[in-house]
């Protein structure tokens, strides 16, 4: 697959008018399953802020929770601060995924969200989204479904903490592969916008362990590496490794 198509959903192009109807990731986002008239209602509350650049904060813990966000292109990470003031990464977010929903029921964001690369988001004022969801059953159902998936993903991630380092990294790569495939991108060849240290932080491993495992996977013919671009040359083996019992 040509490189320009391979990463099309993970890097911003020149800004152009975008609507929920024409957005390439709408099937992964809130408009999914809505009727045309309902999408038009949703479109009426969507705001499209300027691009975020690498290291820019989308929101910080403690800030008033007034909006939820959808990644349009690029990627972001979310994290908490531990008692020592260090980051504890809680997730990496790709196009079509929502951020800020963990603050539902509170008045403030609970985590920090930072761009891993130049990224674009859509923002939805939460009060208006809540009102709209009250009148559009499918939108309410979609929000509940997204919340359910997030809770399940968090529980699954916590369960992986009992696995070996090798299993954790294999599972991480397989899940990234699946998420890229859902976006119509290559399931085997993609870029890693996060650093080795950020991967280790998320998986509860040291940077050295992640680097050593990448080298082991490469020497075993499971992956190829070219900078931050990775090719999963033996995806079935990685799937089997991630599924194996610890």
Would you say residue 45 is part of a helix (DSSP H, G or I) and either closer than 14 Å to residue 124 by Cβ or modelled with pLDDT of 85 or more (or both)?
no
Is the range 92-115 home to any residue that is free of Cβ contacts under 8 Å to residues at least 40 places away in the same chain, in contact with a helix residue (DSSP H, G or I) (Cβ under 9 Å, 6 or more places away or on another chain) and not in a loop (DSSP other than H, G, I, E, B)?
yes
Identify, by number, the condition in (1) surrounded by fewer than 19 Cβ atoms within 10 Å (Cβ to Cβ); (2) closer than 21 Å to residue 148 by Cα; (3) touching a helix residue (DSSP H, G or I) at 6+ places or on another chain (Cβ under 8 Å) that residue 68 doesn't meet.
(1)
For residues that are in contact with a helix residue (DSSP H, G or I) (Cβ under 6 Å, 6 or more places away or on another chain) and closer than 30 Å to residue 29 by Cβ, tally how many sit in the range 201-221.
1
Cβ-Cβ below 6 Å, separation at least six or inter-chain, first residue in the range 181-210 and within 19 Å of residue 88 (Cα to Cα), second in a loop (DSSP other than H, G, I, E, B) and modelled with pLDDT under 95: which pairs?
192/228; 204/161
Can you confirm whether residue 197 is more than 17 Å from the chain's Cα centre (by Cα) and loosely packed, with under 14 Cβ neighbours inside 10 Å?
no
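The values are calculated or read from the model by the stated rules, or taken from the named source; none is laboratory data. Treat the numbers as computed from the prediction; the structure is a model and nothing was measured. We place every Cβ from the backbone using ideal geometry, glycine too, and count neighbours over all the protein chains shown.
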